[in-house]
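Novice: My structure is below; once you've seen it, I'll send some questions.
The values are calculated or read from the model by the stated rules, or taken from the named source; none is laboratory data. If you're wondering where the values come from, they're calculated on a predicted model, not measured in any experiment. All Cβ positions, even for glycine, are placed from backbone atoms using ideal geometry, and neighbour counts span all protein chains on display.
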Amino acid sequence: MPSSKAKYSYTIKRGANPGGGGSGGGGRNMTTNRDYSVNLSVQQVLSLWVQGTTLQHFTEMWYWVFLWCLFSSLFVHGAVGLLMLVMLQRHKWGRLITLVLVSVGFLASLSGGVITSAAVAGVYRVAGKGMAPLEALVFGVGQTTLSVIISFSRILATL
């Protein structure tokens with residue numbers, strides 16, 4: 001399995017004349033290796049393991065919070081889908097209704113999860129604070145929990 005660490009290197013060319021003119025001095029190539037490693041492995045996210053202690057990059061924070069939101073939303077929508085299948089098993093259109101409602105609900109929570117995960121990661125990044133993997137779990141599952149609470153409160157208001 002390929003490593004999730006990405007190393008990028010770039011070359012800086014320096015000459016005697018920074019303006020690009022060409023007499024004398026010859027250019028010297030200097031290669032600088034920078035470690036832009038991001039922990040973007042699903043296995044690492046699910047096991048709450050990360051190299052080092054905190055998530056530092058915006059992409060890491062966003063990805064970890066988003067994946068926890070995604071997996072918890074999958075769990076909730078899967079459980080609700082099974083419940084709907086059982087309750088609507090005698091209905092003529094029961095399977096189709098279940099498929100449509102679960103799909104629309106999951107896609108709506110997925111698109112909301114992308115935006116709110118980016119907002120959480122942006123706040124952490126701007127504050128210059130690292131995010132612990134457990135914090136990403138709390139924020140991701142918390143997004144799903146708030147989504148369920150808001151959904152139930154809207155349903156109860158219509159009854």
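Okay, residues lined up against (1) at pLDDT below 75; (2) outside any loop (DSSP other than H, G, I, E, B):
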residue: Tyr8; (1), (2): yes, yes
residue: His91; (1), (2): no, no
residue: Ile97; (1), (2): no, yes
residue: Val100; (1), (2): no, yes
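Novice: Further question: Residue by residue through the stretch 106-120, note down the ones that are of a type in the set (Gly, Ala, Ser) and modelled with pLDDT under 95.
Specialist: Going through the stretch 106-120, the residues of a type in the set (Gly, Ala, Ser) turn out to be 108-109, 111-113, 117-119.
Those that are of a type in the set (Gly, Ala, Ser) and modelled with pLDDT under 95: Ala108, Ser109, Ser111, Gly112, Gly113.
Novice: On to the next question. Pairs please, first residue from the stretch 115-144 and of a type in the set (Lys, Arg), second anywhere and in a helix (DSSP H, G or I) and buried (at least 18 other Cβ atoms within 10 Å of the Cβ), Cβ atoms under 7 Å, 6+ apart in sequence or on different chains.
Specialist: Hits for this filter: Arg125/Met61.
Novice: Report whether or not Met84 is free of Cβ contacts under 8 Å to residues at least 24 places away in the same chain, buried (at least 17 other Cβ atoms within 10 Å of the Cβ) and of a type outside the set (Asp, Glu).
Specialist: Yes; evaluated as a whole, the condition is true for this residue.
Novice: With the structure loaded, tell me whether Gly112 is touching a residue at least 12 places away in the same chain (Cβ under 8 Å) and surrounded by 13 or more Cβ atoms within 10 Å (Cβ to Cβ) or whether it fails that test. Break it down stepwise before answering.
Specialist: Working: touching a residue at least 12 places away in the same chain (Cβ under 8 Å): yes; surrounded by 13 or more Cβ atoms within 10 Å (Cβ to Cβ): yes.
It is true that Gly112 is touching a residue at least 12 places away in the same chain (Cβ under 8 Å) and surrounded by 13 or more Cβ atoms within 10 Å (Cβ to Cβ).
Novice: Restricting attention to the stretch 87-109, which residues are hydrophobic (A, V, I, L, M, F, W, C) and surrounded by fewer than 17 Cβ atoms within 10 Å (Cβ to Cβ)?
Specialist: First pass over the stretch 87-109, keeping only residues hydrophobic (A, V, I, L, M, F, W, C): 87-88, 93, 96-97, 99-102, 104, 106-108.
Of everything in the stretch 87-109, those that are hydrophobic (A, V, I, L, M, F, W, C) and surrounded by fewer than 17 Cβ atoms within 10 Å (Cβ to Cβ) turn out to be Met87, Leu88, Trp93, Leu96, Ile97, Leu99, Val100, Leu101, Val104, Leu107, Ala108.
Novice: Additional query: Any idea which of (1) at pLDDT 90 or above; (2) exposed (fewer than 10 other Cβ atoms within 10 Å of the Cβ) is the one Gly19 doesn't satisfy?
Specialist: (1)
Novice: Step by step: first the residues of the stretch 112-159, then only those that are out of contact with any helix residue (DSSP H, G or I) (no Cβ under 6 Å at 6 or more places or on another chain) and not in a helix (DSSP H, G or I), then the one that is nearest to Ser73 (Cα to Cα). Which residue is that?
Specialist: Of everything passing the filter in the stretch 112-159, Ala132 is nearest to Ser73 (Cα to Cα).
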